[in-house]
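**Q** Dropping a structure here in structure tokens format, bear with me for questions.
The values are calculated or read from the model by the stated rules, or taken from the named source; none is laboratory data. The model shown is predicted, which means the values in this text are computed figures rather than measured ones. Quick reminder, even Gly has a Cβ in these numbers, built from the backbone with ideal geometry, and neighbours come from all protein chains shown. Side chains are part of the model used for accessible areas, which takes the heavy atoms of the whole protein and leaves out ligands, DNA and RNA. Shrake-Rupley method; radii C 1.70, N 1.55, O 1.52, S 1.80 Å.
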Amino acid sequence: MSAPQKHTIIIVGCGIAGPTLALTILHHPLLRTLYTPVLLDRLPAASAYFAGAAVVLAGNALHPLNQLGLHSAVWAASEEALSTTIWRSTATGPGRRLNCLNNPSWSSDMNSGLRTIERGTLMKLLVDAVIALGGEVLWGAKVTAISQTPTGVDVILDDGRHREAALVVGADGAWSCVRRHIIGADADWKPEFMGASALYGISRRPAGTDEEVLGRGHAVLLHVGGVSTWALPGGRQFWCVSVPEAALPVAGDNRVVEDSEYGHVTTGGYSLESTEALLRQFDAHWYPRVGACGAMFRDSEKIVRAPLWQRVFEAAETTNEAAEANLVVLGDAGRIMLPTSGQGACMAIEDATVLANALLNNPPTFSTAESKPSFAAAFREYSALRIPRSKSIAKQAYWTGIAFMAQRWWWRWLRDFFVAWVPMEMDPKGKIERGEKIRDLGEWLHGVRYEVRVRAEGEPVGCE
């Protein structure tokens with residue numbers, strides 16, 4: 001009996017979703033005999049790893065990473081959130097404590113709550129694991145065109161090289177070239193600007209910080225918008241400022257300035273002057289432990305400004321299932337959400353796991369006339385599982401974002417009242433350890449567990 005035909009999968013994008021998919025394929029004993037993943041990224045490795053700031057991982061992302069053998073590496077490179085204290089503050093006055101979440105989103109099966117890790121660190125862990133298993137990674141490989149061939153898909157790079165594959169996966173972010181090819185450059189393929197922007201940064205360990213505050217984060221609600229921090233290893237802080245933003249960014253004007261007033265700043269399509277002005281606007285705002293936000297901003301290793309987008313793309317916009325059925329997108333390329341979802345990186349990892357499971361349980365089919373594989377069945381399963389969940393989370397992110405931004409007095413009142421007076425679970429970890437039941441309002445978000453395995457005959461579709 002001859003061995004099954006092995007298909008090449010080109011994965012465009014080495015962020016989080018792409019390397020997770022490649023590693024899932026190479027790590028699985030059956031998938032690695034069926035598929036050969038090839039990772040492409042338009043940036044050089046050093047630039048790709050430095051882009052962005054940090055991500056927060058919940059149990060729904062930690063579980064697949066553990067299944068890939070990354071538990072020790074991820075735990076060593078991340079910091080668990082032991083608590084998040086929520087404050088209300090005026091422009092310069094000391095904050096008023098509203099509430100506190102201890103061990104937020106604790107997962108007993110992970111023996112951990114939320115974990116914060118630098119985005120580039122997580123990317124490198126994934127890519128290094130792909131390379132260790134023999135995977136191919138091409139840096140500085142920008143895709144300029146995609147075309148169909150009699151046997152698959154031809155991917156053309158900006159240096160003129162051609163790479164052919166049976167399947168192309170776009171894990172290339174909000175401005176995905178793969179999604180643009182599926183929908184059409186003249187059609188509505190772009191995400192929707194949400195009238196807001198965010199500033200992200202990674203600050204060094206504050207002077208005088210002791211061990212008792214490691215792992216402790218804060219969220220300060222302002223008159224409009226707010227500032228939040230998540231602990232990183234070594235006492236460093238991942239911080240975020242969210243503000244209303246009327247102006248759209250200028251396409252292609254994402255400048256990196258190393259010697260700005262605030263050090264290393266990526267402008268995200270806005271001018272350096274407006275970015276520095278926005279930071280100065282919050283300089284004097286009170287913040288726990290550091291006294292004022294300006295101290296945290298000016299002691300940052302890097303600052304990234306990012307316009308906020310949101311859109312969940314439909315099945316016909318994320319796969320070409322109705323045609324050749326050999327193009328699909330995942331992660332932010334298929335659904336980009338406001339940061340109030342808290343699930344951007346988590347959903348990227350989920351997507352990769354679900355797509356791998358769909359490919360395992362739905363082998364490609366071939367027409368009698370051609371030797372060109374079709375992944376239509378896998379695409380249908382993937383879309384059926386991902387799009388409804390994505391829409392639910394995006395809706396939650398939208399309304400949470402409206403309330404958090406609080407641009408109207410009634411939203412401000414509702415936000416502050418809810419945070420101050422609605423009972424929040426005080427230490428779910430302790431209750432679980434004592435055998436007590438907890439009511440976790442976020443269970444539908446972070447309680448999902450996806451795995452890659454062959455389904456038994458008659459078993460319902462899904463891999464939870």
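**Q** I need the full set of residues from the range 241-254 which are surrounded by 15 or more Cβ atoms within 10 Å (Cβ to Cβ) and modelled with pLDDT of 85 or more, in order please.
**A** Keep residues of the range 241-254 that are surrounded by 15 or more Cβ atoms within 10 Å (Cβ to Cβ), which gives 241-243, 245, 249, 254.
Once the filter is applied, which keeps residues that are surrounded by 15 or more Cβ atoms within 10 Å (Cβ to Cβ) and modelled with pLDDT of 85 or more, the range 241-254 yields 241, 242, 243, 245, 249.
**Q** So which of 118, 192, 164 is among the acidic types (Asp, Glu) and farther than 30 Å from residue 282 by Cα?
**A** Values: 118 fails: farther than 30 Å from residue 282 by Cα; 192 fails: farther than 30 Å from residue 282 by Cα.
Every option except 164 fails the conditions.
**Q** Let me ask another. When you go through 384, 352 one by one, which is the residue that is closer than 19 Å to residue 63 by Cα, in a helix (DSSP H, G or I), modelled with pLDDT of 90 or more and out of contact with any strand residue (DSSP E or B) (no Cβ under 8 Å at 6 or more places or on another chain)?
**A** Working: 384 fails: closer than 19 Å to residue 63 by Cα.
After applying the criteria, what remains is 352.
**Q** Can you name the residue in the range 332-349 that is in a helix (DSSP H, G or I) and not hydrophobic (A, V, I, L, M, F, W, C) and, of all such residues, is least open to solvent (accessible area, probe 1.4 Å)?
**A** 341
**Q** Looking only at helices (runs of 4 or more DSSP H) that fall completely inside the range 396-464, which ones have 2 or more residues that are at pLDDT 70 or above and under 22 Å from residue 344 (Cβ atoms)?
**A** 443-446
**Q** Could you tell me whether residue 119 is among the charged types (D, E, K, R), buried (at least 22 other Cβ atoms within 10 Å of the Cβ) and either within 28 Å of residue 236 (Cβ to Cβ) or more than 23 Å from the chain's Cα centre (by Cα) (or both)?
**A** Details: among the charged types (D, E, K, R): yes; buried (at least 22 other Cβ atoms within 10 Å of the Cβ): yes; either within 28 Å of residue 236 (Cβ to Cβ) or more than 23 Å from the chain's Cα centre (by Cα) (or both): yes.
Taking the combined requirement at face value, the residue satisfies it.
**Q** What pairs come out if I take residues in the range 164-186 that are without any contact (Cβ under 8 Å) to a residue 12 or more places away in the chain and pair them with residues that are hydrophobic (A, V, I, L, M, F, W, C) whose C-beta lies under 7 Å away, six or more apart or interchain?
**A** Partner pairs satisfying both residue conditions: 180/189.
**Q** Further question: Restricting attention to the range 255-271, which residues are open to solvent by 40 Å² or more (accessible area, probe 1.4 Å) and more than 28 Å from residue 407 (Cβ to Cβ)?
**A** 255, 256, 258, 259
**Q** Let me ask something else. Can you tell me which residue in the range 214-240 is modelled with the lowest pLDDT, limited to those that are part of a helix (DSSP H, G or I) and open to solvent by 30 Å² or more (accessible area, probe 1.4 Å)?
**A** Applying the filter and picking the extreme gives 234.
**Q** Moving on to the next point. Residues in the range 250-262 that are out of contact with any strand residue (DSSP E or B) (no Cβ under 6 Å at 6 or more places or on another chain) and closer than 11 Å to residue 303 by Cβ: how many?
**A** Within the range 250-262, residues that are out of contact with any strand residue (DSSP E or B) (no Cβ under 6 Å at 6 or more places or on another chain) and closer than 11 Å to residue 303 by Cβ number 2.
**Q** With the structure loaded, tell me whether residue 389 is part of a helix (DSSP H, G or I), open to solvent by 10 Å² or more (accessible area, probe 1.4 Å), under 21 Å from residue 107 (Cα atoms) and at pLDDT 80 or above or whether it fails that test.
**A** yes
**Q** Let me ask something else. Based on what the data block shows, is residue 154 more than 22 Å from the chain's Cα centre (by Cα) and open to solvent by 50 Å² or more (accessible area, probe 1.4 Å)?
**A** no
**Q** Oh, and also: Among 395, 391, which is the only one that is charged (D, E, K, R) and touching a strand residue (DSSP E or B) at 6+ places or on another chain (Cβ under 7 Å)?
**A** One residue alone meets the criteria, 391.
**Q** Being within 30 Å of residue 238 (Cβ to Cβ) and surrounded by fewer than 16 Cβ atoms within 10 Å (Cβ to Cβ) narrows it down to one residue among 124, 142; which is it?
**A** Numbers: 124 fails: surrounded by fewer than 16 Cβ atoms within 10 Å (Cβ to Cβ).
Residue meeting the stated conditions: 142.
Conditions tested, residue by residue: (1) out of contact with any Lys or Arg (no Cβ under 8 Å at 6 or more places or on another chain); (2) farther than 21 Å from residue 334 by Cβ; (3) not polar (S, T, N, Q).
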site: 17; (1), (2), (3): yes, no, yes
site: 21; (1), (2), (3): yes, no, yes
site: 30; (1), (2), (3): yes, yes, yes
site: 62; (1), (2), (3): no, yes, yes
site: 66; (1), (2), (3): yes, yes, no
site: 93; (1), (2), (3): yes, yes, yes
site: 104; (1), (2), (3): yes, yes, yes
